[in-house]
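J.: Starting off with a structure, shown below.
Nothing in this text is a laboratory measurement; each read-out follows from the coordinates by a stated rule. All values reported here derive from a predicted model rather than from experimental measurement. Every residue, glycine as well, gets a Cβ built from its backbone with ideal geometry; the counts of neighbours run over all protein chains shown.
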């Protein structure tokens, strides 16, 4: 295949009015990647020089393409959107190859194999126009491919007669033109009286009427689906996600209920791993071999080592987890967390911007923020690091082989040295020396029979209140009786 002699024009200027939002459809995410990036990367991988026709939210589209690492492209601004024919005419100065590939920005399911087939067929058949077509059981919204003997044309959906609406062969909007033909005919397109736009599809009929070679290539409908509504966006994302999941299934990954799992395009999963129902494995995540990410977990932009287990309903964000480590259930690892090997983070534990060493554990109801925790450390239930003083964040350092008792409050900045213990219920505000026991709580005092005396006082007060209420009620009755007697005397 000769892609060196092909120039691509990607139409990306429209307002996406059928989305009924204020955002270009090309900026909507499909499996963690903006829709426009699928077309951009496809052409980059095929080494086809590309010009994007932009208009609505042009700067946002340019930024998205640049962030994806696609730099060797150029742009033509279509200030007023007057249809596909007008868009292509505006790119005339960029027609620097013998063959001009035209495609929409909203075709995320198009494959390299299909584009290669399109180019090969176009060049080998010496066609002036080659385009992709497909049969659809629900062709509404698509232009229809019409044949009359050797003549071929494309009629836009809004211009169809009632009889023509039964035609199921649709136009994909993906064409390859000979540059010479395009130069000679692009200005001959007339404005459509129904929509007031210049349709690129008119060139198909022009070529056919001139007796030139026009070729169509049938492809599966799913590969050329357009995205014009939020419903179609949802449908395309289901297909794309299914492709990713099927790929990982063929590479030894088990999915409990595949149709209920969210998986982004750049996720990596090791052999023998298991992904539970409702899990969200989000952009940038890499999961090792023989791991479990159980039901309803969210793992985003994180690394999980071999043999680790993320228990249900846990959230892992921008963190690194070592081998054979357990997290959850109902745990949350926020940005900047590093868990080494054989770590055990239990239920209702939140960790932020902290490192936890090998064989350490925090199993219950704990908050660890801005902390460095050594190896073989036990963090008791209910422990928190007080890392924020209202102005600045401060760090807590817990060295190797430390035992933190339950319900501890560690007020940073603070260091607890190697081998130390802290007693349950302590508020630790000073450095704890090596191999020491820190106790920071008030001394317990037992007042004998105090509870019984308090109970008697409460009962006595309750009786007094009841007596006062009866007196008030009696006074009110006496007052009412006196008023009634006086009124009778007046009568």
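J.: What percent does the relative contact order of the chain come to when contacts are Cα pairs within less than 8 Å and at least six residues apart?
T.: The normalised contact order for the chain reaches 7 percent.
J.: Given a Förster distance of 51 angstrom, what is the FRET efficiency for residue 235 paired with residue 389, based on the Cβ-Cβ distance and rounded to 0.05?
T.: 0.50
J.: Another one. For the chain, what is the percent of antiparallel DSSP beta bridges, rounded to the nearest 5?
T.: The antiparallel proportion sits near 20 percent.
J.: Could you order the peptides 7-16, 427-436, 444-453, 280-289 from most to least packed, using the average number of other C-beta atoms within 10 Å per residue?
T.: Per-residue Cβ counts within 10 Å, averaged per peptide and sorted highest first, yield 7-16, 280-289, 427-436, 444-453.
J.: May I ask you to order 352-358, 41-47 by the average number of other C-beta atoms within 10 Å around their residues, highest value first?
T.: Most protected by this proxy first, the peptides run 352-358, 41-47.
J.: When P(r) over Cα pairs in 10 Å bins from 0, in percent is calculated directly from the model, which label among (i) 4, 15, 18, 14, 12, 11, 9, 7, 5, 4, 2, 0, 0; (ii) 4, 18, 27, 26, 17, 7, 1, 0; (iii) 4, 13, 17, 21, 18, 11, 6, 4, 2, 2, 1, 1, 1, 0, 0, 0 fits?
T.: Recomputing P(r) over Cα pairs in 10 Å bins from 0, in percent here gives the entry labelled (i).
J.: Please arrange 111, 91 by counting, for each residue, the other beta carbons lying within 10 Å of its beta carbon, fewest first.
T.: Starting with the residue having the fewest Cβ neighbours, the order is 111, 91.
J.: Shifting gears a bit: Taking Cα atoms, how many degrees apart are the long axis of helix 230-249 and the longest axis of the chain, rounded to 10 and kept between 0 and 90?
T.: With rounding to tens, the tilt is 80 degrees.
J.: May I pose another question? Can you give me the C-alpha center-to-center distance between segment 1-53 and segment 438-465, rounded to a whole angstrom?
T.: If you average the Cα positions of each part, the centres end up 74 Å apart.
J.: Using Cα atoms only, what is the angle between the long axis of helix 35-45 and the major principal axis of the chain, expressed in degrees (0 to 90) to the nearest 10?
T.: With rounding to tens, the tilt is 60 degrees.
J.: Going by C-beta contacts inside 10 Å, put 146, 249, 103 in order with the fewest on the left.
T.: With the sparsest Cβ surroundings first, the list reads 249, 146, 103.
J.: Here's another thing I want to ask about it. What shape does segment 6-224 take by its C-alpha gyration tensor, where a ≥ b ≥ c are the square roots of the eigenvalues and a/c under 1.5 counts as rounded, a/b above b/c as prolate, and the rest as oblate?
T.: Note, shape of segment 6-224 comes out rounded.
J.: How much length is gained on full extension from residue 74 to residue 424, taking 0.36 nm per residue of separation minus their Cα-Cα distance?
T.: 119.5 nm
J.: What is the extension gain from residue 441 to residue 147, computed as 0.36 nm multiplied by their sequence separation minus the C-alpha to C-alpha distance, in nm to one decimal?
T.: Answer, rounded to one decimal: 96.9 nm.
J.: Given only helices, namely DSSP H runs of n ≥ 4 each adding -39500 (n - 2.57), what is the per-residue ellipticity at 222 nm of the chain, to the nearest 500 deg cm²/dmol?
T.: Mean residue ellipticity, 222 nm, calculated: -8000 deg cm²/dmol.
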